[in-house]
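The values are calculated or read from the model by the stated rules, or taken from the named source; none is laboratory data. Worth saying up front: this structure is predicted, and the values here are computed from it rather than measured. Glycine gets a Cβ as well: all are built from the backbone with ideal geometry, and neighbour counts include every protein chain shown. These area figures cover heavy atoms from the full protein model, side chains too; ligands, DNA and RNA do not enter into them. Shrake-Rupley method; radii C 1.70, N 1.55, O 1.52, S 1.80 Å.
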Amino acid sequence: MAEAIEARKAHTDGPAVWPWKIYDACGIWFWVVVFALVFSRLSPYFLNYRNFSNIFRQASIFAIMATGMTLVVISGGIDLSVGSVVSFTSAVLGVVWRDTENIYLALAAAMAVGIVTGIANGLLAGYCRMPPFIATFGLMSAGAGFAFALTPSSIGDFPAWFEKLGNDRIRILSHAVPVPVIIMFAVAVVFMLFLDARRFGLRIFAVGGNENGARMAGVNVPKLKLAIYTINGALASFAGIILCSRIRSSYPGIGLDMEMDVIASSVIGGASLVGGEGRIFGAVGGAVFICMIQNILNLMGVYPFMQKIVTGVFIVLAVFMNEFRSRRA
Amino acid sequence: MVTGSDEVIRLRDVRKGLYDLSGKTLNRGIPVLSDINFSLAKGEIHVLLGENGAGKSSLVKVICGAIEPDQGKVFIEGEEIPANDPGKALSSGVAIVSQEFSLCPNLTVAENIALGREQIGAGGFLDKKTMLAAAAAQLARLEASYIDPSRKVKRLPVAEQQLVEIAKALAAEPRVLILDEPTSALTDNQVDMLFKVVRLLKSGGVSMIYITHKLKEIFEIGDRVTVLRDGRTIRTIPVNEVADVGEMIQMMIGSKLENLFHKEACPVGDAALVVENLVGRPGDQAVDLVVRKGEIVGLAGIVGAGRTELARMIFGIDKYASGRVEVFGKTLPPGNPRAAIAAGMGFIPEDRKRQGIVPLMSVAENMCHVSARRLSWHGFVSIGKRRKLAADYVSRLKVAAASLGQEIRYLSGGNQQKVILGKWLSANSRLLIFDEPTRGIDVGAKSAIYRLMVDLARRGAAILMISSELQEIVGMSDRVFIMRNRGVVATLEGGSIAGDAILRYAMGGEELVRGS
Amino acid sequence: MATALKRILSFKEAPIVFLILVVALLCGVFVPNFLTAANLVNILSQSATVGIMAIGITLVIISGSGGIDLSAGSILGVSSIVMAMTIIPPELYRDTAAMLVLPNDYWVIFKALVFCMGVGMFCGFLNGAMVAWVGLPPFIATLAMMTAARGLAAYISAGIPTYGLPTSLVWVGQNSLWFVPVPVALMIALAVIVHIILTRTTYGMSLLAVGGNRETSRFCGMNVKGTLISVYVICGLFAAVGGVILSARSNQAHPDAGIGYELSAISAAVLGGTSMMGGSGGVLGAVLGAVFLSLIQNPINLLNIPVAYMKPIMGALIVIAVLLDQWRKKQSIGD
């Protein structure tokens, strides 16, 4: 055992010289900047405030979800159900609003979707010790189905103030910043504080790094996992609500395949699927990175189909660069 | 000094069967602990003594709630504690320095020390300054202030990680401190420091359970000693009533030393393994080594001396910078275990669970992993041939298994080891590398393994044996290579093979003066 | 009795067989027209595509260390498009108004099948290379392939489905050998072949060993990376075969064909007793899992229950199946 640790140390301990340190600190944001500069040569419409505020607004939904996903991934888990949660949240929001005309009740019910799903995930993964892939996979199927069972159609006509949530811009320093972007940064900052500056975050890292060691140090691992998955579910619902506000309607298929982009954002942002590593602002950067690539491809008039191929290649590249970083570091 | 009235811990009739990594019992039929009764008095240092696999670590794991006993109860200060709840044991004042790596490699030293009782400051945020200061204070107690509390644990060398583990346990201000082989990775100076702290804690009324393989440490700090063998408590006596080291070894092993090894001289033939100028990483010393047919060659050294690394390079698991490995006259390409196996080499690795067996597969399947191709017809495995071959080796090696189809993870360590050996024998390996062949194996199986090794040598096989157990090296080897700092520092032969000489070379410099 | 139960529980297919029997029994009693030969045969043929994909995915999951193939559904899509485009002349391809009736040119059909499976295997090879050589987590590598292959399918077909395949190809999807539908016969044949490969060949043994313990396999001189790549190639191949069946059954090739199938196939594998931890599992169970998924869909169709309820039921049953499997393992431990 001791020799194994020694051997591991041998190829993890490298010189930490300053260019690498800065590169490590920037993480994916370094590549966001690099590619933004490269892309600006490809299209004259790319590098300007308006376009970037759109990229960020589009990324905000994924980023809010990726914030929760990052907690899950750091703890060594995965949550496939978030896309379905968004769909189901959207359907519940629409149906309750249509049937009661009470937006507050609708919002509460919509939030409850994510929280209940999260609790179920947490119970299965934490207390039943089921592999999270399977547990959340089961709930993923369930959520997507329930959404369509509830209503197969799109529902709109929300109150004006609710629609503003996703569409308004607020002037900050003479720039009009979309509200969802502000919300995204608020959520990211709050959870970054939770992750890096509070006991809760420390324990998530501990569980991801050495679950048994954390247990021996007195961390209640099942309870912690319950909390993590619940938060993740709640954030997914929250993102779903903002998405409904932005598109001014609810639709039960809205979250289809979202979980994949969200997990990809987290991993691109430096989270390791083995657990124990991850950053909130990295995940935000991951979401921005993906949306930025889709944006430039749109601007260049690349076929939507071709966009998928290119996005796939970039996901692999970004993860490979992370792997390379952690292998060297 | 020891009376029943002020006992802090009491174990009553504790039993535990073979268990897996998560502590879940796999097989009640193979007891790891049986009918354990144990008590720890207030302020005493109670030494647990026993061979590898005697059940010492399992016993302390039961106490600190890491594993749940199948039967029996644990009391802390008269109060029964719920099984399998490390948090409860911790809050009752039990802390452990575990033999298993219990730190989180991705966290810093300070975070690891604080984990579970983090210092919370204003607004419920972590008080990182206090955390760092508290960690520094604990490290200072061990005179290990040179360890930076803000470094990540994965970047520390093993000895420093071990000190962090100890500091973490001390930080809990425990009333009962369990030390499971805390000194195996430490230098002598660090050990002295640890003992100073241990004595200080003792005078403060802290009770301690101390597990060690270094017998002289018992006389240095122990009050009482309990000897375990094959999962049973053999005897508990005050240390000052123990006559000498020999008596303790006698109790641990249960039979005379000489009977254990069955060593005999075998006719020595041509060279089976020749290693010339092997350099692992640039800057290492070049290693030269020869093993002849009919020989058992020991490879001694302390943990971290580079023995396993050398063996892995010889076998082709890892690549090397330069040098040459020749097996039965054939030069092997580096980094290719298939070539090594084809040339007749076999490897019985140190970490059985992770490198030796495929836990979910049956005894027969595990037995035939290497010889599968020989047993097959155009890629199809002949189930009949496999059964026949496995049955042959199961009976020849006296493997105790319910059936050939039983999953190997349900077997005891010794029987797993026999299956791994059978795997290589059935593939006609004539040059075998044993890495810690008897680690975690009970005495009976140990003796059987030794008998098999001698038998192999008699029939012309060549054996390279890595071992951290001095008795094993001394008892089994025809020649001994001693490694230090990734190089061979000495070779002993025949009558000159003696425990103290090996230790002297293995430890190097200052230990030589101390004459341990 | 207790030992008989223990013996039954020692089979990893026990929970899925139990679930199939329970659901079939309930349906037989409560659902009219369920227990007819035609309906039962229908259930089986509906399970064929997912069943065949599940065989490949089972091998990938067995290979361990998070082995998974999320791209199988997309590979199905791209390979069936490639097949259709090889058969159908370009000038006719965009002619979506009329159902084409193409002659049975066996050389062209053969070429189409080779291209189709070649594309499947090539995508699988890329997956395997990313996992084994580059060292990417399988989840990410195949996720990227899932996106890319779907994009490729849409790109080469310009997003347009095509109808009308040669009759001999449609025969594969819609006809029966004696009374067994060809897709079912194919699924059973492939399952039996792969089952034999998995349990009776040195390749199968090394796959189980690599999945059960990668380190040990290295020490035993097995070709770990080669084995890993091979399972992804096989999985790609089986996804392509699934694509052939799906196209033949529906007499069309659609760039969106097979969306979400990988998840059904993964469910089928897990329902069939394959452990996500790797190192253990069986393809017969996977096929039974696929049959089960199509079985629970059937009464929903017969009773005109909205399709949407299908997924929640599926999700709940997957969780139940895994809990049952955990319980089964606990029971079958020898004392």
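A few remarks follow.
- Positions within region B:354-378 being within 7 Å of chain C (Cβ to nearest Cβ) and farther than 19 Å from C:S63 by Cα, in sequence order: B:R373, B:S376
- Of the helices (runs of 4 or more DSSP H) entirely within region C:87-206, those holding at least 1 residues that are crowded, with 22+ Cβ neighbours inside 10 Å and at pLDDT 85 or above occupy C:106-129, C:138-157, C:182-200.
- Counted residues, region B:61-100 - those being within 11 Å of chain A (Cβ to nearest Cβ) and charged (D, E, K, R): 4
- Under the condition of being closer than 19 Å to B:H213 by Cβ, hydrophobic (A, V, I, L, M, F, W, C) and open to solvent by 20 Å² or more (accessible area, probe 1.4 Å), the residues counted in region B:462-498 number 3.
- Residue check, A:V82 surrounded by 17 or more Cβ atoms within 10 Å (Cβ to Cβ), over 17 Å from A:G166 (Cα atoms), more than 14 Å from every other protein chain (Cβ to nearest Cβ) and in contact with an Asp or Glu (Cβ under 7 Å, 6 or more places away or on another chain): yes
- Among the candidates B:G87, B:G72, the residue that is outside any strand (DSSP E or B) and open to solvent by 10 Å² or more (accessible area, probe 1.4 Å) is uniquely B:G87.
- Among (1) in contact with a strand residue (DSSP E or B) (Cβ under 9 Å, 6 or more places away or on another chain); (2) within 22 Å of B:L177 (Cβ to Cβ); (3) among the small types (G, A, S), the one test that B:S34 misses: (2)
- Residue tally, condition in a helix (DSSP H, G or I) and over 27 Å from the mean Cα position of the chain (by Cα), over region B:365-392: 10
- Answer residue from region C:263-295, given it is of a type in the set (V, I, T) and open to solvent by 10 Å² or more (accessible area, probe 1.4 Å) and is nearest to A:M140 (Cα to Cα) among those: C:V270
- Filtering region B:101-112 to residues that are open to solvent by 10 Å² or more (accessible area, probe 1.4 Å) and more than 7 Å from chain A (Cβ to nearest Cβ) leaves only B:T108.
- Taken over region A:1-51, residues that are open to solvent by 40 Å² or more (accessible area, probe 1.4 Å), at pLDDT 85 or above and within 24 Å of A:I280 (Cβ to Cβ) amount to 5.
- Test: residue in region B:252-267 that is open to solvent by 50 Å² or more (accessible area, probe 1.4 Å) and more than 24 Å from B:I502 (Cα to Cα): yes
- Subset of region B:313-349 that is in a strand (DSSP E or B) and within 11 Å of chain C (Cβ to nearest Cβ) - its residue that is nearest to B:S426 (Cα to Cα): B:G346
- The single condition from (1) at the interface with another protein chain (Cβ under 10 Å from one of its Cβ atoms); (2) open to solvent by less than 10 Å² (accessible area, probe 1.4 Å); (3) of a type in the set (A, V, I, L, M, F, W, C); (4) within 30 Å of C:M145 (Cβ to Cβ) that A:I228 fails is (1).
- Among the residues of region B:130-187, those that are β-branched (V, I, T), within 12 Å of chain A (Cβ to nearest Cβ) and in a helix (DSSP H, G or I) comprise B:V153, B:V158, B:V164.
- Wholly enclosed helices (runs of 4 or more DSSP H) of region A:155-209 bearing at least 3 residues within 14 Å of chain B (Cβ to nearest Cβ): A:179-197, A:199-209
- Among (1) open to solvent by 30 Å² or more (accessible area, probe 1.4 Å); (2) modelled with pLDDT of 85 or more; (3) farther than 30 Å from B:H213 by Cβ; (4) not in a helix (DSSP H, G or I) - the single one B:S429 does not satisfy: (1)
- For region A:287-326, the set of residues classified as at pLDDT 80 or above, away from chain C (no Cβ under 12 Å) and either in contact with a Leu (Cβ under 7 Å, 6 or more places away or on another chain) or in a helix (DSSP H, G or I) (or both) consists of A:A287, A:V288, A:F289, A:C291, A:M292, A:N295, A:I296, A:N298, A:L299, A:M300, listed by residue number.
- Here B:I221, B:I249 are screened, and the one residue that is within 15 Å of B:A54 (Cα to Cα) and either out of contact with any Asp or Glu (no Cβ under 8 Å at 6 or more places or on another chain) or without any contact (Cβ under 8 Å) to a residue 40 or more places away in the chain (or both) is B:I249.
- Residue within region B:301-318 that is surrounded by fewer than 21 Cβ atoms within 10 Å (Cβ to Cβ), of a type in the set (D, E, K, R) and not assigned by TED's automatic domain parsing to the domain that holds B:Q406 present: yes
- One residue from A:G255, A:G233 being crowded, with 24+ Cβ neighbours inside 10 Å and closer than 14 Å to A:S90 by Cβ: A:G255
The rows are residues; the columns are (1) open to solvent by less than 10 Å² (accessible area, probe 1.4 Å); (2) more than 14 Å from chain A (Cβ to nearest Cβ); (3) modelled with pLDDT of 95 or more; (4) part of a helix (DSSP H, G or I).
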position: C:L44; (1), (2), (3), (4): no, yes, no, yes
position: C:G51; (1), (2), (3), (4): yes, yes, yes, yes
position: C:V60; (1), (2), (3), (4): yes, no, yes, yes
position: C:I81; (1), (2), (3), (4): yes, no, no, yes
position: C:A84; (1), (2), (3), (4): yes, yes, no, yes
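- The single condition among (1) closer than 22 Å to A:V274 by Cα; (2) more than 14 Å from chain C (Cβ to nearest Cβ) that A:T89 does not meet is (1).
- Criterion applied to A:A59, A:A66, A:A106 was being buried (at least 24 other Cβ atoms within 10 Å of the Cβ) and free of Cβ contacts under 8 Å to residues at least 40 places away in the same chain, and the one residue passing it is A:A106.
- All conditions but one from (1) in contact with a strand residue (DSSP E or B) (Cβ under 7 Å, 6 or more places away or on another chain); (2) open to solvent by 40 Å² or more (accessible area, probe 1.4 Å) apply to B:V381; the one that does not is (2).
- Every pair of residues 6+ apart whose Cβ atoms lie under 9 Å, when the first sits in region B:282-305 and is on the phi > 0 side of the Ramachandran plot while the second is polar (S, T, N, Q): B:G301/B:S468; B:G304/B:N485
- Top-ranked residue in region C:212-255 [being within 14 Å of another protein chain (Cβ to nearest Cβ) and under 14 Å from C:Y163 (Cα atoms); ranked as most open to solvent (accessible area, probe 1.4 Å)]: C:H254
Let's see how each residue does on (1) over 18 Å from A:A66 (Cα atoms); (2) open to solvent by 30 Å² or more (accessible area, probe 1.4 Å); (3) free of Cβ contacts under 8 Å to residues at least 40 places away in the same chain:
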position: A:G143; (1), (2), (3): yes, no, no
position: A:A147; (1), (2), (3): yes, no, no
position: A:F158; (1), (2), (3): yes, no, no
position: A:W161; (1), (2), (3): yes, yes, yes
position: A:V190; (1), (2), (3): no, yes, yes
position: A:R199; (1), (2), (3): yes, yes, yes
position: A:I204; (1), (2), (3): no, no, no
position: A:E211; (1), (2), (3): yes, yes, no
position: A:R215; (1), (2), (3): yes, yes, yes
